[in-house]
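Take a look at the structure below.
The values are calculated or read from the model by the stated rules, or taken from the named source; none is laboratory data. These numbers were taken from a predicted model, which means no experiment stands behind them. Heads up, the Cβs are rebuilt from the backbone with ideal geometry, glycines too, and the neighbour counts pull from every protein chain shown. These area figures cover heavy atoms from the full protein model, side chains too; ligands, DNA and RNA do not enter into them. Shrake-Rupley method; radii C 1.70, N 1.55, O 1.52, S 1.80 Å.
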Amino acid sequence: MAQSAYQIRVTDTSDVLWETGKVLSHQSIHVPYGGSDLRSGQRCTWRVRVWDGNDQPSAWSEPAWWEMGLLHPIDWHAHWIEPGWQEDPNAELPCPYLRTTFSVDGPVSSARAYITSLGLYELFLNGQRVGDAYFTPGYTSYHRRLQYQTYDITALLQENENALGVILGNGWYRGKSGAFSQRNTYGERLALLVQLYIRYADGHEQLVLSDEGWKATTGPILSSDLQAGEVYDARLEMPGWNKPGFDASQWQAVSAASDRTDHLVATNGPLVRPHEEITPIALLRTPKGETVVDMGQNFAGVVRFSVQGPAGTTVRLQHGETLDAHGNFTIAHLQFASRKAPQRWQEVRYTLKGEAEEVYTPHFTFHGFRYVKVEGFPGMPRIEQFTGLALYSDLPQTGTFECSDPLINRLQQNILWSQKSNFLEIPTDCPTRERAGWTGDIQVFARTGSFLMQTAGFLSKWLKDLAIEQAADGQVANIVPSPQRARPGKAARGILGVMEGSAGWGDAAVIVPWTLYQWYGDQRVLEQQYASMKAWVEYMRKQAKKQPWIRRINPISWRKQEKRSRQPYIWDTNFHFGEWLEPDESFGPKLAIGMLKHLVFSAPLVATAYFANSTRLLAQTARVLGKDDDAREYEALHRRIKEAYRAVFIHQDGRIRPEKQASYVRALALDLVPPTLQRAAVDHLVRLIQENDDHLGTGFLSTPFLCHVLSENGRLEVAYALLKQDTIPSWLYEVKKGATTIWEAWDGIGEDGTPKGSLNHYSKGAVGSWLYQVVAGIEPGTPGYKHIRFRPRPGGGLTAASARYHSLYGEIASSWQMRDGRFALTITVPANTTATVFLPGAEAKQVMEGGQGVETAEGVIQVSQEQEATVIEISSGTYAFAYPFSRNNE
Ligand code: BGC
């Protein structure tokens with residue numbers, strides 16, 4: 001079924017704000033509002049109806065609504081306030097509690113709270129928590145963009161006295177963060193800005209504001225830090241502190257803080273919320289005698305626990321990802337950061353007040369963990385006293401995948417769990433050691449992640465920070481939001497500064513918006529990011545033109561590199577991480593030597609490939625946006641980079657040196673190999689894989705491309721061999737070792753059980769896109785899945801596979817089975833979309849659909865025969881194809 005027209009009507013309580021009339025158009029997503037100007041706080045109600053292909057109108061939809069935020073700085077009447085006391089910025093500080101009271105004197109028709117903070121906040125009204133989000137106001141480049149949230153508080157107000165209470169936490173603002181656990185990244189003082197707007201039934205209005213009339217004190221949260229954990233003394237609780245009638249006479253005054261409101265923005269991505277409640281699978285006693293709760297799943301979040309015992313008893317929970325080779329609790333493999341925080345790391349300490357049963361859930365911290373070491377517990381803990389709460393940004397899950405191999409299904413679950421664990425406010429590398437918005441990690445994972453979850457809001461929010469933190473010369477920070485760039489005054493840059501702008505990492509500026517466009521078909525993300533994308537490409541262009549510094553100081557040693565350094569399109573300057581973490585250059589001295597090598601000699605083979613790729617994507621973006629001059633300019637630049645790359649790196653026999661799998665995968669995936677040498681390059685790649693006993697040898701950047709490159713170049717069986725491999729390095733080794741998330745290193749837990757690196761790093765889970773697009777066979781044919789390509793490629797001994805993807809048009813499904821020499825494929829194509837189906841190894845005459853010959857089946861537009869597949873064009877609907885199939889066709 002297709003749409004032929006639509007009509008949208010937007011109203012507020014009194015007026016029609018926008019009436020489109022009947023618009024003849026297929027467009028059913030991303031129609032921007034085009035009505036009269038809207039005011040701060042205005043609530044708009046909208047309805048839509050559509051006409052089908054036969055010009056039959058639907059009924060009007062149920063009304064839906066949106067509400068405008070505070071559009072101008074002058075809408076903020078509240079004042080920033082902070083606790084009135086002095087603090088030592090380098091000490092562990094207790095969380096401030098702030099409160100005020102106000103009176104409501106009549107029936108209220110609607111009320112809103114607008115709130116933000118420096119640091120994190122929890123808001124309470126009359127003793128009730130407002131909202132259920134964690135870590136508000138979220139994480140952005142705070143000095144430039146600070147989000148505020150809006151809550152509907154109408155139902156929480158009461159006649160006469162009301163009390164408003166807020167707790168502040170350190171969070172990313174001034175708590176420890178990043179690879180080096182630095183404090184006070186954005187500032188040393190926590191502060192609050194809150195404004196209640198109350199509209200009475202009789203039309204009069206009232207504002208309740210943060211101002212110097214508020215009071216503040218400290219309470220039971222003695223310290224709270226995203227990395228270190230939380231310390232809570234329940235004996236210091238102040239019952240009723242956030243309710244009317246509480247005696248706050250002993251509380252201290254607050255003072256005015258800076259009055260900036262020009263950087264406030266409404267929440268522009270999903271907030272973090274509690275999701276799965278995880279029931280532990282075992283209570284262990286380790287060889288060392290430790291008591292350890294096994295959650296059965298590695299994830300990011302907290303533990304809610306209950307305890308009963310004498311007042312003053314302190315229970316200590318420490319959270320780790322794994323047990324060591326001897327079965328004892330460990331966090332030693334997360335060394336990097338734990339060295340910086342030797343006293344406390346992912347630890348919660350709770351001191352009992354000594355009442356009946358006490359239940360605690362931490363406020364302003366989260367941990368990456370599966371195991372919880374419990375100390376100081378009064379009596380023997382019972383397993384049912386512990387529940388894990390998975391915390392992540394509230395992105396709906398859009399994709400699923402399943403097949404006949406349970407190990408691959410577990411791999412799929414692990415990919416999803418690593419995404420959940422690392423999509424917490426910003427896309428991070430891991431939820432344990434660094435918790436940083438490493439650009440390279442999301443660059444490699446964006447495609448897989450966008451299949452599994454609705455990433456548009458989450459990633460476009462993050463991209464705004466990427467753009468706003470880009471240096472004047474276009475250089476992209478390696479980590480976004482960038483702690484380095486938040487502290488421009490400090491000798492911040494140092495070694496991390498030298499590493500900034502790495503190829504394959506900075507390219508997130510181009511690859512992530514392009515991926516969002518492919519997935520959601522919304523040009524606005526390209527418009528929003530265009531200047532940033534272009535600036536990054538221009539940055540690379542300038543860097544490539546420069547002479548490598550080593551050549552300037554030592555022209556002789558450089559003679560060997562003469563050919564490439566004369567080329568203005570070979571990027572052979574700057575530090576780059578390179579392919580990063582290939583199996584033979586994993587953790588330890590080899591990694592350090594590799595980095596040193598790149599500091600001295602750069603990494604032109606990798607950097608030039610990404611320079612070419614981002615330039616090509618920028619040219620395509622310019623075409624989409626109708627910027628034809630730019631498109632021509634970057635198409636020409638792309639041609640020159642490609643020619644230079646071929647001249648310098650690709651030998652006449654198709655070899656690329658150093659002869660590593662990644663060298664071939666990268667060049668093939670990024671379209672750098674001339675057509676005449678593609679076959680040879682693929683043969684070289686396959687030879688390297690076979691010499692490695694069917695093991696992969698790629699690192700961070702090329703792993704996502706590896707199977708795609710093989711299946712697209714006629715070597716599907718090699719791709720399946722890699723997928724099904726189960727010894728190091730491989731995806732299924734970790735599954736067999738009991739992994740419940742994706743590991744950073746291929747040997748994250750060695751044969752002998754020794755852990756290494758983070759065990760919750762989604763980057764290598766980027767193989768997911770091959771499972772969904774190639775094994776199950778769903779991929780966008782045009783941006784946003786308006787046209788869908790179904791091209792399942794059975795193999796690897798699988799007898800069935802299926803995937804579902806909830807696109808903006810509706811549910812897309814593909815499910816195949818092989819039984820008794822027949823291949824059966826059922827697919828669903830949502831309304832208002834079309835699809836091309838490739839039936840592997842089919843002959844058109846033999847293909848049945850719903851029990852009849854495919855040519856005459858309903859919805860089939862065209863059937864054609866290619867050498868290896870029957871190709872069918874179809875309109876929306878559900879189809880069941882079946883035909884004789886022999887395994888030789890795999
Ligand atoms: C992080 C990575 C990141 C890398 C930069 C690591 O320490 O955990 O995921 O991309 O550094 O190479």
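With of a type in the set (F, W, Y), touching a residue at least 40 places away in the same chain (Cβ under 8 Å) and assigned to a loop (DSSP other than H, G, I, E, B) as the only criterion, which of F364, F299 stands out?
Residue meeting the stated conditions: F364.
Within the range 626-669, how many residues turn out to be buried (at least 19 other Cβ atoms within 10 Å of the Cβ) and of a type outside the set (K, R)?
Qualifying residue count, the range 626-669: 19.
Only one of S758, S763 is over 20 Å from S404 (Cβ atoms), open to solvent by less than 30 Å² (accessible area, probe 1.4 Å), within 16 Å of the ligand (Cβ to nearest atom) and assigned to a loop (DSSP other than H, G, I, E, B). Can you tell me which?
S758
Checking R9 against (1) charged (D, E, K, R); (2) part of a loop (DSSP other than H, G, I, E, B); (3) over 34 Å from the mean Cα position of the chain (by Cα), only one condition comes out false. Which one?
Evaluating R9 over (1) charged (D, E, K, R); (2) part of a loop (DSSP other than H, G, I, E, B); (3) over 34 Å from the mean Cα position of the chain (by Cα) leaves (2) as the failure.
Scan the range 139-181 for residues that are closer than 29 Å to W66 by Cα, part of a strand (DSSP E or B) and not aliphatic (A, V, I, L, M) and report the count.
8
Each row is one residue, and each column tells you yes or no for (1) open to solvent by 10 Å² or more (accessible area, probe 1.4 Å); (2) touching a helix residue (DSSP H, G or I) at 6+ places or on another chain (Cβ under 9 Å).
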position: T101; (1), (2): yes, no
position: A111; (1), (2): no, yes
position: L146; (1), (2): no, no
position: N162; (1), (2): no, yes
position: N170; (1), (2): yes, no
position: V194; (1), (2): no, no
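Residue-wise test of (1) among the polar types (S, T, N, Q); (2) assigned to a strand (DSSP E or B); (3) open to solvent by 40 Å² or more (accessible area, probe 1.4 Å).
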residue: G240; (1), (2), (3): no, no, no
residue: D247; (1), (2), (3): no, no, yes
residue: P270; (1), (2), (3): no, no, no
residue: E277; (1), (2), (3): no, yes, yes
residue: K288; (1), (2), (3): no, no, yes
residue: R304; (1), (2), (3): no, yes, yes
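Is there a residue in the range 707-728 that is modelled with pLDDT of 95 or more and closer than 18 Å to H333 by Cβ?
Checked against the condition, which is being modelled with pLDDT of 95 or more and closer than 18 Å to H333 by Cβ, the range 707-728 yields at least one hit.
In the list L696, L701, L688, L677, which residue meets the criterion of being of a type outside the set (G, A, S), more than 16 Å from the ligand (Cβ to nearest atom) and crowded, with 23+ Cβ neighbours inside 10 Å?
Being of a type outside the set (G, A, S), more than 16 Å from the ligand (Cβ to nearest atom) and crowded, with 23+ Cβ neighbours inside 10 Å holds for just one of L696, L701, L688, L677, which is L696.
From the list E82, E87, exactly one residue is surrounded by 22 or more Cβ atoms within 10 Å (Cβ to Cβ), at negative phi and more than 32 Å from the chain's Cα centre (by Cα). Which is it?
E82
How do the helices (runs of 4 or more DSSP H) wholly within the range 632-725 filter down when requiring 2 or more residues that are farther than 30 Å from K542 by Cβ and without any contact (Cβ under 8 Å) to a residue 12 or more places away in the chain: which remain?
675-691
Quick one: which residue in G796, G753 is over 24 Å from the mean Cα position of the chain (by Cα) and either in a strand (DSSP E or B) or surrounded by 19 or more Cβ atoms within 10 Å (Cβ to Cβ) (or both)?
G796
Mind checking whether some residue in the range 393-411 is modelled with pLDDT of 95 or more, within 14 Å of the ligand (Cβ to nearest atom) and buried (at least 24 other Cβ atoms within 10 Å of the Cβ)?
Taking every residue of the range 393-411 in turn, none turns out to be modelled with pLDDT of 95 or more, within 14 Å of the ligand (Cβ to nearest atom) and buried (at least 24 other Cβ atoms within 10 Å of the Cβ).
Just checking, how many residues over the range 28-54 are under 19 Å from A831 (Cα atoms) and open to solvent by less than 80 Å² (accessible area, probe 1.4 Å)?
10
For the range 564-607, which residues satisfy the criterion of being of a type in the set (A, V, I, L, M), open to solvent by 50 Å² or more (accessible area, probe 1.4 Å) and closer than 19 Å to W743 by Cβ?
Within the range 564-607, no residue meets the criteria.
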